[in-house]
1. Residues with beta-carbon under 14 Å from that of residue 520, excluding residue 520: net charge, scoring Lys, Arg +1 and Asp, Glu -1?
2. Rounded to the nearest 10 Å², what accessible area does residue 108 show when all protein chains are kept and the probe is 1.4 Å?
3. Of the GluC sites (Glu not before Pro) in segment 330-421, which ones lie in a loop per DSSP and count no more than 11 other C-beta atoms within 10 Å?
4. Could you calculate the contour length gain from residue 141 to residue 330, that is, 0.36 nm times the residue separation minus the distance between their Cα atoms, to one decimal place in nm?
5. At 7 Å along the Cα-to-beta-carbon direction for both residue 519 and residue 119, put a label point, then send me their distance in nm to one decimal.
6. For segment 39-154, report the translational diffusion coefficient in µm²/s to the nearest whole number, using Stokes-Einstein at 37 °C, 0.692 mPa s, and a Kirkwood Rh over Cα pairs.
7. With charges set only on the Cβ (+1 for Lys and Arg, -1 for Asp and Glu), what does the dipole of the chain come to about its Cα centre, in debye to the nearest 20?
8. Hey, what's the chain come to in accessible area per residue, 1.4 Å probe, Å²?
Amino acid sequence: MPYVTTPTPPPPAVLEAVLERITYANDETGYTVARVATDRGGADLLTVVGALLGAQAGESLRLTGRWRSHPKYGRQFEVESYTTVLPATVQGIRRYLGSGMIKGIGPVMADRMVEHFGTDILRIIEEEPKRLVEVPGLGPKRTKRIGDAWEEQKAIKEVMVFLQGVGVSTSLAVRVYKQYGDASVDTVRRDPYRLAADVWGIGFKTADTIAQAIGIPHDSPERIKAGLQYTLSEAADNGHCFLPEPNLVTDAEKILGVPRELIVPALDELAAAEGVVREPIPRDEEGATIPAVYLVPFHRAERSLARGLHELLDAKEDRLKAFADVEWEKALPWLRKRTGTDLAAEQEEAVKLALTSRVAVLTGGPGCGKSFTVRSVVELAAAKKAKIVLVAPTGRAAKRLAELTGHEAATVHRLLQLQPGGDAAYDQDNPLDADLIVVDESSMVDLILANKLVKAIPRGAHLLLVGDVDQLPSVGAGEVLADLLASAAIPRVRLTKIFRQAQQSGIVVNAHRVNSGDHPHTSGYPDFFLFPCEEQEEAAETTVDVIANRIPRKFGLDPRRDVQVLAPMHRGAAGAGALNALLQEALTPHDDSRPERRYGGRVFRVGDKVTQLRNNYDKGEAGVFNGTVGVVTKVSLEDQSLTVLTDEDESIDYAFDELDELAHAYAITIHRSQGSEYPAVVVPLTTGAWTMLRRNLLYTGITRAKKLVVLVGSRRALAAAVRTAGAGRRHTALRQRLDHR
């Protein structure tokens, strides 16, 4: 048998180039397609592909990889790794400095600096930054700012080199540096699991990757305890306030890949150290219990909320005592004169309940008169000179509440003046000055926020929670509205009668049909349409066409301001992620004359519709909160920042290294749309989102629209959504705490 040698692959090639532009980047995989310029390449740009996330246009890169010939795109350089290097040519330096990499230097100033110092400019910034005042237009203040920014970039680069070696992306490395500064490397080496708690964007999995890279054993008790807390945190992200202990151990076993014999002792240690709370929760009237395990904040909030609601209900004083013996036969005719409309019997009951009970819940579907009932409650309370506070979870919902009642309304966050760290300016020690508090869209108020609000309500005041319990529960943990309605302790009214004028609306009729498990009528109404498409890609293309062309042409609505795509899920060809890229290209395309900034897989341009991804108490006058929507009004390469005008008419600045807090919002998931209302809603429904197709998801999407609903997708997917009931109750114990004092 002849001896066969396996050919040795050629050694990796090294390519030094300036990154000119990124043409494609995938946030999830890191795969990037970019165009680069080389000294020997003349005017032609070369294509490089691979894991380049974090590299910015204008940077000089040393790329290691291999040349490949792509059958469609031709010769490409496939990147295996890269490092950034300082450029050496005048052209490269000018491009680097003018790209916005160094705060305080834009394209015009970069030209002046290179003109004055030539290729020596980078050495001047590094070694003699005070000499920058020699450049026309650069004073001492700006010179110092540039020097400080250069030093910070150097420090961040050192942290990046270490973190990239243990599998952390460039963008997260910047966050680690901002959190720990010069102690970054030491902190990561000593306690990598701390990152999951301290640094937004780093979860247990990333921390675990780092821990393994620096040699922490797979079965370390510290790893297992961190994994248990992560498992509970994931459950909270899915809406649960606790997990039954058997579920927790099973889930942690899958996540950690260690036997349960190691998990149970670690859980004992964690509970003993008060890292979690164990508590038996009543399961039925026979005395059976659930062995619940909570993260501490959720346990505290659930107990505190139940206690706070009991205290409101039991308060001896009554700040609306005028209504305890009001003559309703006189008050209701007076109200009819004020509003010009009679209350239905259900609405009358709700009005009386809100003004005589210290806690009440009002629920019902669209077209059943919740809004008019709220307006009636406010009119009567105002007539008695009551101090009225109106709140909603989102800026849009607060605006709508203010328009409805003629009184000021605020978001819950702004009302409570939440501070950095999440503490509120108003609480039990400093309560609100209010006699009546009305909370609209309360189905989306989660456990933590509900607890903060109830803490701030003075005893004797009345709390009216208004919402549609058939919508999706809150994005955050808990299902407060459903728990209150399930409790015998809380007075409530459910409006069920659809008013005659609402019966003419396809939106209202079909929302109720879907909620009842019936197929919606997709023809015969001027405000409800279906565009059938079987394939996901076709549905995506049709969705873009409907928004960019058909709706503006037929209804005169602005595609960015008035139309919102609500997708069942983020992933997939017709998911919110892919649709955002397509809609950005259709509505806010690249323009050479306007600056833009790429961050990871996203590029931000003036005119982009964006949404905030986390609560940030340090931004704006009173914080910017998860779900806040706005439009990019400015991108400054020189200041390394962009500006967003929010729905609440506040301009917020974001440094370029904070852009992972923003995502495009041309398309958002239905979950993220809760509490908001839009003139027109487009819902792509495809079998690609099969696992998410639920009745309450579709119902929530439809009820977000004021004037128009367009469904795009397959009839099979629509039928599945209508047929499939919700995902079941979350693990919460608020009802039990309310019923068992």
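1. Computed value for this residue: +2.
2. 100 Å²
3. Answer by residue number: 408.
4. Between residue 141 and residue 330, full extension yields 61.0 nm more.
5. Result: 7.3 nm between the two label points.
6. In µm²/s, the coefficient is 209.
7. Dipole of the chain, to the nearest 20 debye: 1500 debye.
8. Per-residue value: 45 Å².
The values are calculated or read from the model by the stated rules, or taken from the named source; none is laboratory data. What you see is a predicted model, and the numbers here were worked out from it, not measured in a lab. In this analysis, Cβ positions are derived from the backbone assuming ideal geometry, glycine residues included, and neighbour counts consider all displayed protein chains. In case anyone asks, the SASA skips ligands and DNA or RNA and just uses the protein heavy atoms, side chains included. Shrake-Rupley method; radii C 1.70, N 1.55, O 1.52, S 1.80 Å.
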